[in-house]
Amino acid sequence: MKKRILIVEDDIHISNIIKMNLTLVGYETEQVYDGMEALDRIKGGKFDLILLDVMIPRMDGFELMEKIRPMQIPVIFLTAKNAVFDKVIGLKLGADDYMVKPFEAIELLARMETVLRRYGKEETIMSFQDINVYIDKREVTVREEVVELTPKEYELLLVLLKNKNIALSREQFIEKVWGGDFYGETRTVDMHIKSLRKKLNLQDHIKTIYKIGYRLED
Amino acid sequence: MKFWQKICLFSILTFIIIFNAASIMVIERNHSKMLQQEITNTLSANMSINSSVNAVVPILRIYDSIDYEKTVLTNIANQFVRRNSDQGSYLEIADDKDKTVFSNLDFAMPSEREERNKLAPGEIKYILRDIGERTLLFTANVTDINHKSYVFSYIKDVTPLYAERMDQYTFFVQMDVVACLIYIIVMFFISKGLTKPIETMVRSAKEIAQGDFSERVHLKSRDEIGVLATNFNEMAAVVEDKIIELERNNGEKQRFINNITHELKTPLTSIIGYANYMRSTKYDEATFLEGLNVIYSEGKRLESLATKLMDLILLKDHQFQMKKGNLKDVVTELEPSLKQIVASKGIQLEMDCQDCRLPLEKDLIKIVIFNLIDNAVKASSEEGKVMIRTLDQRGSCILEVADEGSGISQEHIDKIFEPFYMADKARTRNNNGAGLGLSICRSIADIHHAEIEVDSEVGVGTTIRIVFPPCREGSEDAP
């Protein structure tokens, strides 16, 4: 079932770009543009996560946060304010994370995923075409047949699946799969992509994007 | 040591020294006076013996017998002793070979008697001497009788005088202790009382030092400390005002920075977001065009923000040269470009300009007119009307821009001059506004010492009037 995300952001362009990115990776979104409207929607509908801008008209993000806190919906604040004080207020009010504008889409997706996992709302099975990934078992099947992957290949596959339709650079793959303290060459990524393509028959779906990196496409 | 302790200690020390010194001087003076009196009495007693002896000397010369002399002298001595029968008077008569002729001494005569040495006839000498526990006054004179010298010693016991002095000292010590105790107690309270206001002020000063700038000293006395307290309070009030002002300035600055950050980051977020989306996803023409449009318009917004910020910063730090000018000329000069602005939205521009001569900075006035017209156009619907007027009202020039647009509600009117304040955020953003136009207008008005008046009614329209101060007649003739 698709996760429902409420985007509370008064700047229509920012709201749209967030919506586009979330739609790409398979979230269902709803957009509202001020605090009062957001409160109405939250009371009315069931959301898995709220992306909440702090400076919004009619009722600011902090005030809204206080009102919706008892509902136990995960909240990530989006704000242009960089001040530590505001971060502390936001987190104290019960927000789960804090994104400072401008932010990168994959950073937002990663944080959303972390927050959803904390609330036990993460997927246990991820699917792409005829591939199924059973996350709790760490098992990958292609057409019901188990395929053996090395740990790094498995991690790489998860990153691709979670950022479906978004191109990631080799550096981003390294950071997410090998960790920030990996000093190997970006060639390592190419090697692993090559073997994933081969093992899972993804030659047509893992696209090489000129000057950027790789993208998993439907 | 604390101040009250110092006051207390020094005054007590001074008191003790002066009181003791004075008392000792009084006692000693008293004593020496009485002693002098006694000496005078004793000497005159001795003289009286001397004179009685001198009276009989002629008779003794006739008889010239030692035995007779001795008998006469003894008789005189006995008579004298009987007359001065009080306690502590002694008489001794000795001849030139130091043989005692008469004596009623009850103590041993000291062997060394310097008062007797080199006594001239008719001379009386005296000396004070301690014998046993007594103090005795020795007087001596010598009389020649038939070529023999007799020494008459009259001795007076003056111990009671010394006892009296001792007695006075004893009494004085008792009195001294009591007086000092009373003085110490009184001084303790006095010095405490005198320094209490100082302690009050110290407490207040500490409070203020700890950051409570609203603290004041509450003292009602009119002495120097009262004056000090009043001055202290005035100082505290000045400091408090300054601090409040600093805090307000700081807060304003912080808000300004926060707003700039927000206004910079919002378009940047869109630009980066769209650019990244477009480079990392599969090409799709509709999305691509939409993205490029957003990037373009947000870029434009950043550009306009940068220009306006530069204007604001320039206005804050610059000294402007005012020159005599005519408002009407400035408006006329701008007419073509203003017409262009209004025409793009199909709005009609009405101009009604009187001659208005005043000192002005032409470029700044142009910025004001542009901003006001821009706001008016944005507020107006299509086919609306925007008026620009300049008029001279009893010497004070007025620049007025009016529209028949959406108007500003009362809750927003007080805030529209604040930097980055937007009454209608969405509309302002769509027009590439940053909420700085009216801030800039106000800064420029301030430079011209002009007031800005706003009349607005929702749905009816807005009139913004810049009222310049009346210029003096004298400057009217200036070139």
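Observations on the structure shown:
- B:Asn249 open to solvent by less than 100 Å² (accessible area, probe 1.4 Å), within 10 Å of another protein chain (Cβ to nearest Cβ) and over 30 Å from A:Ala167 (Cα atoms): no
- Residue count for region A:160-209 satisfying the condition of being closer than 27 Å to A:Tyr27 by Cα, exposed (fewer than 12 other Cβ atoms within 10 Å of the Cβ) and among the aromatic types (Phe, Trp, Tyr): 0.
- Residues of region A:29-41 classified as part of a helix (DSSP H, G or I) and either crowded, with 18+ Cβ neighbours inside 10 Å or hydroxyl-bearing (Ser, Thr, Tyr) (or both), total: 3
- Residue in region B:141-169 that is modelled with the lowest pLDDT, counting only those that are open to solvent by 70 Å² or more (accessible area, probe 1.4 Å) and assigned to a helix (DSSP H, G or I): B:Pro160
- Conditions (1) under 30 Å from A:Asn163 (Cβ atoms); (2) open to solvent by less than 40 Å² (accessible area, probe 1.4 Å); (3) not in a helix (DSSP H, G or I): number failed by B:Val217: (1)
- Which listed residue is outside the structural domain of B:Val26 (by TED's automatic domain parsing) and either surrounded by 11 or more Cβ atoms within 10 Å (Cβ to Cβ) or not hydrophobic (A, V, I, L, M, F, W, C) (or both), from B:Val238, B:Val186, B:Val178: B:Val186
- Filtered residues of region A:85-122 (kept if more than 18 Å from A:Val8 (Cβ to Cβ), open to solvent by less than 60 Å² (accessible area, probe 1.4 Å), assigned to a helix (DSSP H, G or I) and more than 9 Å from chain B (Cβ to nearest Cβ)): A:Ala110, A:Glu113
- Filtered residues of region A:37-57 (kept if within 14 Å of chain B (Cβ to nearest Cβ) and at pLDDT 90 or above): A:Leu51
- Looking across region B:429-442, the residues that are outside any loop (DSSP other than H, G, I, E, B) and either modelled with pLDDT of 75 or more or surrounded by fewer than 20 Cβ atoms within 10 Å (Cβ to Cβ) (or both) come down to B:Asn430, B:Gly437, B:Leu438, B:Ser439, B:Ile440, B:Cys441, B:Arg442.
Here's the yes/no breakdown for (1) modelled with pLDDT of 85 or more; (2) in contact with a strand residue (DSSP E or B) (Cβ under 7 Å, 6 or more places away or on another chain); (3) under 21 Å from A:Leu109 (Cβ atoms):
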site: A:Leu156; (1), (2), (3): yes, no, yes
site: A:Lys162; (1), (2), (3): yes, no, yes
site: A:Ala167; (1), (2), (3): yes, yes, yes
site: A:Gly179; (1), (2), (3): no, no, yes
site: A:Gly184; (1), (2), (3): no, no, no
site: A:Ile193; (1), (2), (3): yes, yes, yes
site: A:Ile209; (1), (2), (3): yes, yes, yes
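- A:Leu216 crowded, with 20+ Cβ neighbours inside 10 Å and away from chain B (no Cβ under 14 Å): no
- Lone unmet requirement of (1) buried (at least 16 other Cβ atoms within 10 Å of the Cβ); (2) closer than 24 Å to A:Tyr27 by Cα; (3) hydrophobic (A, V, I, L, M, F, W, C) for A:Ile125: (1)
- Restricting attention to region B:273-286, the residues that are more than 7 Å from every other protein chain (Cβ to nearest Cβ) and hydroxyl-bearing (Ser, Thr, Tyr) add up to 1.
- Residues that are away from every other protein chain (no Cβ under 14 Å) and under 15 Å from the mean Cα position of the chain (by Cα) within region A:163-191 comprise just one, A:Lys176.
- Just one of the listed residues (B:Ile313, B:Ile257) is within 14 Å of another protein chain (Cβ to nearest Cβ), out of contact with any helix residue (DSSP H, G or I) (no Cβ under 7 Å at 6 or more places or on another chain) and open to solvent by 50 Å² or more (accessible area, probe 1.4 Å), and it is B:Ile257.
- Unique residue being touching a residue at least 60 places away in the same chain (Cβ under 8 Å) and among the basic types (Lys, Arg) when the list is B:Lys97, B:Lys156, B:Lys118: B:Lys156
- Region B:287-306, residues that are at the interface with chain A (Cβ under 9 Å from one of its Cβ atoms) and open to solvent by 70 Å² or more (accessible area, probe 1.4 Å): B:Glu290
- Within region B:260-272, considering residues that are without any contact (Cβ under 8 Å) to a residue 40 or more places away in the chain and more than 7 Å from chain A (Cβ to nearest Cβ), the one most open to solvent (accessible area, probe 1.4 Å): B:Ile271
- Every residue from region A:1-26 that is touching a Lys or Arg at 6+ places or on another chain (Cβ under 8 Å) and under 18 Å from A:Phe77 (Cβ atoms): A:Leu6, A:Ile7, A:Asp10, A:Asp11, A:Ile14
- Among the residues here, B:Asp67 does not qualify as farther than 26 Å from B:Asn30 by Cα and either part of a loop (DSSP other than H, G, I, E, B) or open to solvent by less than 80 Å² (accessible area, probe 1.4 Å) (or both).
- Residue count, region B:107-121 (criterion: under 15 Å from B:Phe138 (Cβ atoms) and either open to solvent by 90 Å² or more (accessible area, probe 1.4 Å) or not aliphatic (A, V, I, L, M) (or both)): 9
- Any hit, region A:42-53, residues being touching a residue at least 60 places away in the same chain (Cβ under 8 Å), in a helix (DSSP H, G or I) and buried (at least 19 other Cβ atoms within 10 Å of the Cβ): no
- Residue in region B:74-89 that is modelled with pLDDT under 80, out of contact with any Asp or Glu (no Cβ under 9 Å at 6 or more places or on another chain), open to solvent by 60 Å² or more (accessible area, probe 1.4 Å) and at positive phi present: no
- Here A:Asn82 passes the criteria (1) at pLDDT 85 or above; (2) exposed (fewer than 15 other Cβ atoms within 10 Å of the Cβ); (3) in contact with a Ser or Thr (Cβ under 8 Å, 6 or more places away or on another chain); (4) within 14 Å of chain B (Cβ to nearest Cβ) except the one numbered (1).
- Tabulated pairs, region A:17-32, first at the interface with chain B (Cβ under 7 Å from one of its Cβ atoms), second open to solvent by 20 Å² or more (accessible area, probe 1.4 Å) and not charged (D, E, K, R), C-beta under 7 angstrom, 6+ apart or interchain: A:Ile17/B:Tyr277; A:Met20/B:Tyr277; A:Asn21/B:Tyr277; A:Leu24/A:Asn165
Conditions (1) within 23 Å of B:Gly122 (Cβ to Cβ); (2) open to solvent by less than 70 Å² (accessible area, probe 1.4 Å); (3) outside any helix (DSSP H, G or I), marked per residue:
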site: B:Cys8; (1), (2), (3): no, yes, no
site: B:Ile12; (1), (2), (3): no, yes, no
site: B:Ala22; (1), (2), (3): no, yes, no
site: B:Val26; (1), (2), (3): no, no, no
site: B:Met34; (1), (2), (3): no, no, no
site: B:Glu38; (1), (2), (3): yes, yes, no
site: B:Asn54; (1), (2), (3): yes, no, no
site: B:Leu60; (1), (2), (3): yes, yes, no
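The values are calculated or read from the model by the stated rules, or taken from the named source; none is laboratory data. Since this is a predicted model, take the numbers as computed values, not measurements. A quick note on method: Cβ atoms are made from the backbone with ideal geometry, for glycine too, and the neighbour counts reach across all protein chains shown. Just the protein is used for accessible areas: all its heavy atoms, side chains included, with ligands, DNA and RNA removed. Shrake-Rupley method; radii C 1.70, N 1.55, O 1.52, S 1.80 Å.
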